[in-house]
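The values are calculated or read from the model by the stated rules, or taken from the named source; none is laboratory data. These numbers were taken from a predicted model, which means no experiment stands behind them. Please note: Cβ atoms are built from the backbone with ideal geometry, for glycine as well, and neighbour counts cover all protein chains shown. Only protein heavy atoms, including side chains, enter the accessible area calculation; ligands, DNA and RNA are left aside. Shrake-Rupley method; radii C 1.70, N 1.55, O 1.52, S 1.80 Å.
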Amino acid sequence: MENTNVPVISAKDLNLWYGDFKALKGISLDVGEREITALIGPSGCGKSTFLKTLNRMNDLVPNVRIEGDVRLKGEDIFAREMQLTDLRRRVGMVFQKANPFPMSIYDNVRMGKKDATRVEVMEALKNAQCEDIIEKLPNGIDTVIGSKGTYLSGGEAQRVSIARAMLKNAPILILDEATAFADPDNEVKVQAAFAKLSKGKTVIMIAHRLSSVTGVDRIFVLQDGEIRQAGKHEELKDAEGLYAHMWKAYNQSVSWKVGV
């Protein structure tokens, strides 16, 4: 019988170097079943590096050295027995810079599940709030991205990548929830798609807007490749430290925008 007490994701004393530069310094954390965990911190603090390491996206990067332990349901992701295809099957990813492949929308989404039917692809696109995108394209879901000047905006491309992740339906999700490339209308649709995608799954996400982490199960605050704080929003905002400083700055920026 499976041990339900084993964390879904567990890192212990994880260190990573790009050449001589140490990007991750002794990262240790656990993520439980169906928990939503957020990583926050200044630009360059190691958030993206950590998430890419979880999915072994650094495997082919030159001059990368990794020490420490990372486990998925108790299995060492760096062990020879852990096939990369098995890891990718269990982990879905949606990153901020969603670059669609130069193929049809249908084929882009179907990469999440290569034996999917057209009906399944359409359902994934609907759940990812992509119906308005499909309606405006000359050949609908059969429109080839990049053909005859047909391109997607950043927010639209991210919604298509969310549709791919929905079709894949992996139990673990790695998300970059930023909507920096989305206009207001796209932002609302991306956030709605994220909410549907995340339901009932174990999620570890990079958070750029602190308003999006107030209800998550746990927040890890990174700085200079290290975890400096960990806890829930209510705990961290009232404690001295980087999170309280970031929360204050965030609220001041929101007030300034409202005042304008």
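Miscellaneous remarks
- Filter result for ARG56 (under 24 Å from VAL221 (Cβ atoms), among the charged types (D, E, K, R) and surrounded by 12 or more Cβ atoms within 10 Å (Cβ to Cβ)): no
- ARG228 vs. criteria basic (Lys, Arg), surrounded by fewer than 21 Cβ atoms within 10 Å (Cβ to Cβ) and closer than 19 Å to SER28 by Cα: yes
- Matching residues in segment 132-146 - criterion: being open to solvent by 40 Å² or more (accessible area, probe 1.4 Å) and in a helix (DSSP H, G or I): ASP132, GLU135, LYS136, ASP142
- Restricted to strands (runs of 3 or more DSSP E) entirely inside segment 1-117, those with at least 2 residues that are of a type outside the set (D, E, K, R) and more than 19 Å from the chain's Cα centre (by Cα) are 9-18, 21-31, 64-72.
- Members of segment 147-185 that are open to solvent by 10 Å² or more (accessible area, probe 1.4 Å) and more than 27 Å from GLY41 (Cα to Cα): SER147, LYS148, GLY149, THR150, TYR151, LEU152, ARG164, MET166, LEU167, LYS168, ASN169
- Within segment 231-248, residues that are in contact (Cβ under 8 Å) with a residue 24 or more places away in the chain and within 20 Å of SER28 (Cα to Cα) reach partners that are of a type in the set (Val, Ile, Thr) and crowded, with 17+ Cβ neighbours inside 10 Å with beta carbons closer than 8 Å, at six or more positions or on different chains, in the pairs LEU242/VAL221; TYR243/ILE40; TYR243/ILE219; TYR243/VAL221.
- Only a single item in (1) of a type in the set (A, V, I, L, M, F, W, C); (2) in a helix (DSSP H, G or I); (3) modelled with pLDDT of 90 or more; (4) closer than 23 Å to MET122 by Cβ is not met by VAL190, and it is number (3).
- Segment 34-60 residues that are on the phi > 0 side of the Ramachandran plot, paired with ones that are of a type in the set (Asp, Glu) and assigned to a helix (DSSP H, G or I) (beta carbon under 7 Å, 6 or more apart): none
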